[in-house]
1. What single numbered condition from (1) in contact with a Ser or Thr (Cβ under 9 Å, 6 or more places away or on another chain); (2) part of a helix (DSSP H, G or I) fails to hold for ARG398?
2. What's the number of the only condition in (1) under 17 Å from the mean Cα position of the chain (by Cα); (2) away from the ligand (no atom under 16 Å from the Cβ); (3) open to solvent by less than 20 Å² (accessible area, probe 1.4 Å) that VAL262 fails to meet?
3. When only residues in segment 176-198 that are more than 10 Å from the ligand (Cβ to nearest atom) and of a type in the set (Gly, Ala, Ser) count, which is surrounded by the fewest Cβ atoms within 10 Å (Cβ to Cβ)?
4. Taking interchain pairs and intrachain pairs at least six residues apart, which have beta carbon atoms under 7 angstrom, with the first residue in segment 165-186 and closer than 17 Å to GLY88 by Cα and assigned to a helix (DSSP H, G or I) and the second open to solvent by less than 20 Å² (accessible area, probe 1.4 Å) and among the polar types (S, T, N, Q)?
5. Could you tell me how many of the residues in segment 105-154 are of a type in the set (Gly, Ala, Ser), at pLDDT 95 or above and touching a helix residue (DSSP H, G or I) at 6+ places or on another chain (Cβ under 6 Å)?
6. When you scan segment 133-152, do you find a residue that is away from the ligand (no atom under 11 Å from the Cβ) and assigned to a strand (DSSP E or B), even just one?
7. Quick check on segment 303-324. Is at least one of its residues in contact with a Cys (Cβ under 9 Å, 6 or more places away or on another chain) and either among the acidic types (Asp, Glu) or surrounded by 19 or more Cβ atoms within 10 Å (Cβ to Cβ) (or both)?
8. Being closer than 30 Å to ALA323 by Cα and either under 15 Å from the mean Cα position of the chain (by Cα) or hydrophobic (A, V, I, L, M, F, W, C) (or both), is that true of even one residue in segment 189-205?
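The values are calculated or read from the model by the stated rules, or taken from the named source; none is laboratory data. Quantities reported herein were computed from a predicted structural model and do not represent experimental measurements. Cβ placement follows ideal geometry from the backbone for every residue including glycine, while neighbour counts extend to all protein chains displayed. Side chains included, ligands, DNA and RNA excluded: accessible areas come from the protein's heavy atoms. Shrake-Rupley method; radii C 1.70, N 1.55, O 1.52, S 1.80 Å.
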Amino acid sequence: MTNFSAVDVIATKRDGGTLSDGAITWLLDAYMRGDVADEQMSSLLMAIFFNGLAPQELRTWTDRMIASGERLDLQGLSRPTVDKHSTGGVGDKISLILAPLMASCGAAVPQLSGRGLGHTGGTLDKLEAIPGWRATLTNNEIRSQLEAIGAVICAAGPGLAPVDRRLYALRDVTATVESIPLISSSIMSKKIAEGTGALVLDVKVGRGAFIKDPARARELATTMVTLGTSHGVATIAQLTNMDAPLGRAVGNALEVTESVEVLRGAGPEDVRELTLGLARIMVELVGLDVDPEIKLDDGSAYDVYRQMIQAQGGDSDAVLATAKFRETVVAPRAGIVQSVDALCVGMAAWRLGAGRARKEDPVSAAAGVLCLVREGNEVEAKQPLFELHADDVEHLVRGRDTIKDAFVLGDNAVTSSPLLIERIEK
Ligand code: URA
């Protein structure tokens, strides 16, 4: 292969030029081999942050990210494969309900997930609140569980798009995370390498989301849909509102409990609405003629959930960890809840112990926040608004300090914005 010069590649992007397929391929491969230094890659990432990547550049960049590792082979399963990716929200426990729901509709859902960092929780952290549940599966175990049960939620192994780990670590310390081509290639390389045939993207927008501006969220969604489609993965994105937390529960065991409530036909209406909205898109993507609402209401999805948890060593009937310290936060006066701020609630749950600041930190299963009111609710003075859960007093105090800014009380009636904002497809 032609040898390029890292300095020339950086200078081309710095000056707003276009990188050839050969230059991108060489660069990412050389970076993996250790022939391009972290400081050179950091400079290129900053040049991409400012000057972007054209569609062909992004396609090749993503191809090389996928080729940096293994690609799971899910061909030959008796069910069509379809997965969901969410860009991350507060109280977002949808995967726990959606994966078994889709399996009960006849699909196979290979949900290879990550752990949470910062104010948004990770699906694996939530499931690890279930005694015995195991996040790590071999590729053979993933395949046989998909065939037998139709749903797997497990850790994405280190073999999937390994260059992403190194690029993400650099982006994290060089202020280059918030770049649409870099986010899109990072997310989509892992999803494409996972081998799913179809994908729905839940792109969150609002106060508690990674992206606050609807126009940027739309651009991110469109870029990811184009990447998925051009790699042969039928992809549709749904922009969804993340101004307020999803459901009432924020925290690992609290969210598992709420997911089970929804799977048993109860639970908060917004969690049910989003789960069914995404399930309808997934059913359509793989051409299944089933109404997911029926499968949720007749208990089929709950049956699959129990099988899915048990197949990975979890006790689906176990009583989950509860917090040693609980405290309610009450309304300072009577009024109407004008807003509940997802970011603030997410930060409070994190400080209560539900999340981690660094990858290697442990998380508490029991810590978190229960939101007892929603935007638009009328409340009396001293009515409980939130319940804080923590394992020790230090965490409780930190959560208490944060939650006080999580709501606005006023006197005006409030009309809530829709949860499902816009569908984006090719
Ligand atoms: N999630 C990812 O996997 N990658 C990003 O770049 C951002 C969010």
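1. All conditions pass for ARG398, except number (1).
2. (1)
3. Result: GLY197.
4. That search, which allows pairs on different chains as well, returns TYR168/SER186; LEU182/THR176; SER185/THR62.
5. 6
6. Looking for residues that are away from the ligand (no atom under 11 Å from the Cβ) and assigned to a strand (DSSP E or B), one finds at least one in segment 133-152, hence yes.
7. Checked against the condition, which is being in contact with a Cys (Cβ under 9 Å, 6 or more places away or on another chain) and either among the acidic types (Asp, Glu) or surrounded by 19 or more Cβ atoms within 10 Å (Cβ to Cβ) (or both), segment 303-324 yields at least one hit.
8. Looking through segment 189-205, at least one residue is closer than 30 Å to ALA323 by Cα and either under 15 Å from the mean Cα position of the chain (by Cα) or hydrophobic (A, V, I, L, M, F, W, C) (or both).
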